[in-house]
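Coordinate-derived values only; no laboratory data. Note that the structure is predicted; figures quoted are calculated from it, not measured. Neighbour counts run over all protein chains shown; Cβ positions are idealised from the backbone, glycine included.
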Amino acid sequence: MSVLYEITHRTAYRYTEPVRFGEHRVLFRPRESHDLRVLATDLRVSPAAAIRLIQDPQSNSVALVQPLHAAAELEIVCTFTIEHVYTNNLELPVAPSAVLFPFAYSVDERLDLEHYLRPHHDDCEDKLGEWARQFIRTDGPTATRDMLVRMNQHIRDTLRYKERHEEGTQTPLTTLALGTGTCRDFALLMMEAMRRLGVAARFVSGYLYDPSLDGSGQAVTGAGATHAWLQAYLPGAGWVPFDPTNNLMGGTQLIRVGVARHPAQAAPVAGSWFGKPEAYLGMTVDVRVERKVGLGHAAASTIGPIEIPTRLPATIH
């Protein structure tokens, strides 16, 4: 079963007076594979800009945008039409060698996965490691996938989602201490916990559709905005998705855009501007994810516009 989506992602930066812009890195385009096809794309920038499309080291599609003129507003609007085929993490068979935990990657796999096995944050007192080990069974063998499924659900059930518009991501230990976080905080927590257990994991950014809008499923948290989750690499199954914010493990709701070793590499927009620091007024983000359910009919996850007033200097993420 496949689903068609139309996605519009608008980001606008506002200033009190015209400023000059450096190059901006735009990561909006959905990441294609056997389960996701991009059927149409459009990228509009105001003021006029020179645009180059490249693939980064993770093979993400990135637009390098260089505005050509000074302006009091920079607007970047991306639209896409995609086809997303249903997949279920739990239906993908795991290699016999990895069914039970602990397991070992092959030599070739380990070489390719090295950066996704190495934790990004320190855990000097082994607090995160101790938290991660609670999902290893003590009453018998531990099934690898079941262990990750329990971790995914535990985060959804025990931590509280709290929207935060500030730049950056909390450390995993901060998220555990606070008991709250955003989707990107929960994704980072689970990713780092997996790595502490020797399971390769990578950060994923993208979009999330809310199926309750068309009656096809339950409401989810974070729909209509940019969303974050993670993928774990399991021999035999490959990269499989886990969304600890909503306890999702596949389907057609998760629309991936970029994958990364850590969250900072997956910022939707990153760039610079030149002018008086006090000239910066803020950023507005407006995302619409529309599911095409029939000719002339649609249901949409929307957010925004969200006004994000900040006092950031030249670099904006």
Study note, to complete from the structure: The summed charge of the residue 124 Cβ neighbourhood (under 14 Å; Lys/Arg +1, Asp/Glu -1) stands at -4
Exercise for review: Kindly express, to the nearest 10 degrees and within the range 0 to 90, the angle between helix 107-117's C-alpha long axis and the longest C-alpha principal axis of the chain.
Suggested key: 50
**Study point:** Estimated dipole of the chain in Debye, rounded to 20 [Cβ of Lys and Arg +1, of Asp and Glu -1, Cα centre]
**Key:** 160
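For the chain, what does the helix formula give at 222 nm: sum of -39500 (n - 2.57) over DSSP H segments with n ≥ 4, over the residue count, nearest 500 deg cm²/dmol?
Working: 5 runs with 54 residues, N = 317.
Rounded to the nearest 500, the figure is -5000 deg cm²/dmol.
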Study note, to complete from the structure: Given backbone amide H placed at 1.01 Å from N, residues whose amide H is under 5 Å from that of residue 282, ignoring those fewer than 5 places away on the same chain, are 14, 310
Review point. Out of segment 162-207, which trypsin sites (Lys or Arg not before Pro) are coil in DSSP terms and have no more than 16 other C-beta atoms within 10 Å?
Key: 162, 164
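Among residues other than residue 275 whose Cβ falls under 10 Å from its Cβ, what is the net charge (Lys/Arg +1, Asp/Glu -1)? Walk me through the intermediate numbers first.
Details: positive: 20, 276; negative: 17, 278.
Here the charged neighbours net out to 0.
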Review point. Where a ≥ b ≥ c are the square roots of the eigenvalues of the C-alpha gyration tensor, would you call segment 1-113 rounded, which needs a/c under 1.5, or, failing that, prolate if a/b is larger than b/c, or oblate?
Key: prolate
Study note, to complete from the structure: Other residues with Cβ under 13 Å from the Cβ of residue 18 give, with Lys and Arg +1 and Asp and Glu -1, a net charge of +1
Point to revise | Between helix 144-158 and the chain: long-axis angle, C-alpha atoms, 0 to 90°, nearest 10 | key: 60
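Defining a contact as two alpha carbons under 8 Å apart and six or more residues distant in sequence, what relative contact order in percent does the chain show? Provide the component values of the computation, followed by the final result.
Values: 716 pairs, mean separation 77.5, N = 317.
Dividing the mean separation by the residue count of the chain yields 24 percent.
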